[in-house]
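Nothing in this text is a laboratory measurement; each read-out follows from the coordinates by a stated rule. Everything numeric here is computed off the predicted structure, so don't read it as measured data. Heads up, the Cβs are rebuilt from the backbone with ideal geometry, glycines too, and the neighbour counts pull from every protein chain shown.
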Amino acid sequence: MRVRELAQWLGAAFEGDGETEIAGVAPIELAGPAEVSFINSRKAAQQADASAAGCLIVPMDFAGGGRTIIRAEAPRAAFARVIGRLHPPPQPEPGVHSTAVIAATARIGEGVSIGPHASVAEGSSIGAGTTVGAGCRIGANVTIGAGGWLHANVTIYDGVRIGRGVILHSGCVIGADGFGFVMENGRYEKFPQVGRVEIGDFVEIGANACIDRAALGVTSIGEGAKIDNMVHVGHNCIIGRHVVIAAQTGLSGGVVVGDYAVIGGQVGIGDKARIEPRAVLGSGCGILTSKIVRGGQVVWGTPARPLKDYLTQLANLARLPGTLKELRRELAELKRRLSRLEPA
Amino acid sequence: MRVRELAQWLGAAFEGDGETEIAGVAPIELAGPAEVSFINSRKAAQQADASAAGCLIVPMDFAGGGRTIIRAEAPRAAFARVIGRLHPPPQPEPGVHSTAVIAATARIGEGVSIGPHASVAEGSSIGAGTTVGAGCRIGANVTIGAGGWLHANVTIYDGVRIGRGVILHSGCVIGADGFGFVMENGRYEKFPQVGRVEIGDFVEIGANACIDRAALGVTSIGEGAKIDNMVHVGHNCIIGRHVVIAAQTGLSGGVVVGDYAVIGGQVGIGDKARIEPRAVLGSGCGILTSKIVRGGQVVWGTPARPLKDYLTQLANLARLPGTLKELRRELAELKRRLSRLEPA
Amino acid sequence: MRVRELAQWLGAAFEGDGETEIAGVAPIELAGPAEVSFINSRKAAQQADASAAGCLIVPMDFAGGGRTIIRAEAPRAAFARVIGRLHPPPQPEPGVHSTAVIAATARIGEGVSIGPHASVAEGSSIGAGTTVGAGCRIGANVTIGAGGWLHANVTIYDGVRIGRGVILHSGCVIGADGFGFVMENGRYEKFPQVGRVEIGDFVEIGANACIDRAALGVTSIGEGAKIDNMVHVGHNCIIGRHVVIAAQTGLSGGVVVGDYAVIGGQVGIGDKARIEPRAVLGSGCGILTSKIVRGGQVVWGTPARPLKDYLTQLANLARLPGTLKELRRELAELKRRLSRLEPA
């Protein structure tokens, strides 16, 4: 594809040699004459001179001249579209592999691809064009929307409902029992977990993540939410739309997360905490049980507090030995002055 | 089932309309006229008035009158029994699916259900009435007791022994090698992990959890212990009976946990630490290598300390800027008073 | 095997009864007369007297006399070799199980063993003598070197390259998409993850660990690195040779780890941090985005700082209430002295 065509497809303007043939994408430091890369920031702009890339997608105000560029309002987003164009994801052959086991009452949509050794139990339905990878386990009465992609070895328990265009990575487990017990006569008896899981459209869930079913009611993940590897979402959590949760974070039971919240990696959130819309939880922070994080607030640390307070406290701690030494020095000085005044 | 029958089955008393037909359970805020819910606390009692539930299971001293209730000493436990009655877990058809691969020397008990694409290797035995889900991998010489449930895609390595009534959730891995190496000539050589894993009766283990085999000897999980999703139990750990471990907690090698200990989520426990019976480890806390947490103690923070100390330290830190400011103010005041006394 | 033979095979000297027959290995407190164990430290040496072991492998300077011993420079390493000799890992039968699905264009080396319900997609190759466990999913165009071992239910995405002698434990997922999105019109659009994963020779990766593919370029794990259960390695990380990473640690995108670094459990490492060779990250520590940990440095805490500073700060904090009390006491004393001098 030539630079001229790429720019046109993006609805963007190019400068330099529009006839340069582009075969692929690469990071700026590795890109060669037949590859396109991008610059997103001032810092990266300094790399532009050294890059052998055949074409760079650059910000509108990029100043470096003398090379072949495409200008874009959002270079990273434009570049993402170019990757999708030049490296389209593989399209698995539609059809059910001969080793897959599909229950008689399951409904398999048009163009669905089901891989080797996958199984779909009674009463489930798979929407048109969805890919179910090798070894996936779809329980009974599961609904999966159209255009989704379950990578190999995903497990879906009975009754889970999944929207359209959902991507589930390998090893993730959707709908396992929530963690609830009742102590009776010195033993924990199971509090039966008979609720549901609902996953909205265009959600992506990472490898080996776990979304537990509700005890009663529902655990739900809102439209467009993006959940990274090994995240744990406990029973009865309600995750809003377009929420981002980075790897290894854990949400206990009944946590509510508002739309567009951003949650870092390895965060721990206690039972029934409420994270309001657009709040930002810094990586590794700990949110206490029933805590409310206000909309738009940025919190950090354990127990989590506003980022400014957290940084102040860190600075105070770092300064503390010096502060104490100074206080002691001043006290000693006062004592000396006092001694000189006091009668011998 | 009518309220009258439900109460009788629970061995409890009802008030109101015993003929109300109950078809299911629901959380109190969602329950309708054909559903039963429960109240466990004063706080929840305030929700009772607003609830449309056909019946409520309530504490013995519940005061709200005028509706259909069942009184119970432990409403949540009674309600759990009711869920089990009204929503019994699905009973998979006994039998071995035609696509499962069972070694010639494996012994499969009566009424066992083995799902599609599961495999059971040489010399293993599955106790009567146990369910082995689709895609489960049972290694060689594994023993699994009666009445258990392995959900889909569970992996059991060779030689693991599992008791009766054990529930294993999808993706959990029992008996993988412990993490042990010997540095030789600049390379880590494997310290062969030839020990065992033993899982007691009525244990439940969450999705994607990992219980490593011992290097030598045994890793063991005591009867009735409940382990949540993505918990890591390292080689040679000895977990007592009726221990609870919440999600994403990790135990290094050789940790000993006493009976009835309660361990929160995302806790980290160093090698050979000893958690005595009925100790409580707060979520996110860190226990240092070889540390002993005394029986019944409640600890918090990293490094973990008694909850009271932890809270005091948090409060001290929060107060610190004010404390330092006050000390400085008093020093300044003393200086002024001194200056007035000193000869000019 | 007799002690005499064992010593000879180790190239070591024995003392005592060389004719003692040794059938197995055991930890020192459990070993019986037909078992060998080892002593590595002064502390363990005190256990020697009480041990019923038929033979002990001991340090060169071990003083306890009167029993059958083999002296070694590195007893634990010698013992590891003995375990490997007396308890060799099972050798699966070479051959492809009849239920496995191997693509027509896949190349399967000599002596390879492929278990039940495994699948190998188009264009992949499995090196000689490698074991592929039951239910493993090998994507398209994957290369796996000779002499490796994939335990049951491992998932490898398309295009991953794995060296020789690599051990992958059950449930690990290699090559899932990195976590990268672009916000457009209020929605997160996927930043396509079209890079690769390369795993060096003799790497071992634990159960349910996740190694994500690069966005562009490569995520790589150096030769001989050992990675524990449930570790998350994000897109574009470059892990050096002989690096050790303990369980549940997470590396965000683009982290670089130098050779021989040692990373504890539950560590969190922010985007693009750089851990230089032989650095040591204490368990549970947190490394901020873009932070550099210098070669050989030992760091601890969150945010991570040199161990000495961390310990000092802990001590300061513990001492703080006493320090403040003392300062207040001295201030009060000065006030009293001043009052006596001041005119009434």
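Annotations for the structure displayed:
- Calculated SAXS-style log₁₀ I(q)/I(0) at q = 0.06, 0.10, 0.13, 0.15 Å⁻¹ - chain C, Debye, Cα scatterers: -0.35, -0.80, -1.07, -1.17
- Choice from A:T219, A:T130, A:T312 showing the highest fluctuation, given a GNM over chain A with Cα pairs closer than 10 Å: A:T312
- Restricting the calculation to Cα atoms, every distinct pair contributes to the Kirkwood radius of the range B:15-129, found to be 17.0 Å.
- Centre-to-centre, using Cα atoms only, the range C:274-344 and the range A:27-74 are separated by 46 Å.
- Shielding by partners for peptide A:60-69, expressed as the average number of C-beta atoms from other protein chains within 10 Å of each residue's C-beta, is 0.
- Going from the residue with the fewest nearby Cβ atoms within 10 Å to the one with the most, C:D49, C:D212, C:D177, A:D17 rank C:D49, A:D17, C:D177, C:D212.
- Radius 13 Å from Cβ of B:S51, net charge of other residues (Lys, Arg +1; Asp, Glu -1): -2
- Dividing the summed helix terms, -39500 (n - 2.57) for each DSSP H run of n ≥ 4, by the number of residues in chain B produces a 222 nm estimate of -6000 deg cm²/dmol to the nearest 500.
- For C:G95, the label point sits 7 Å beyond Cα toward Cβ; its separations from the matching points on the remaining copies run 2.9, 2.9 nm, from shortest to longest.
- Percent antiparallel among DSSP beta bridges (both partners in the range C:1-152, rounded to 5): 15
- Taken over the protein assembly as shown, the ratio of Cα radius of gyration to 2.2 N^0.38 Å equals 1.02.
- Stokes-Einstein D (µm²/s) once Rh is taken as the Kirkwood radius of the range C:138-188 over alpha-carbon pairs, at 10 °C in 1.306 mPa s: 127
- Net charge of Cβ neighbours under 14 Å - reference A:E189; Lys, Arg +1; Asp, Glu -1: +1
- Counted over all Cα-Cα pairs of the range B:23-88, pairs farther apart than 16 Å make up 36 percent.
- Legend: ranking of residues A:H151, C:H117 from fewest to most surrounding C-beta atoms inside 10 Å; resulting order A:H151, C:H117.
- Pairwise label distance in nanometres, C:N40 with A:L341, each label 7 Å out on the Cα-Cβ vector: 6.5
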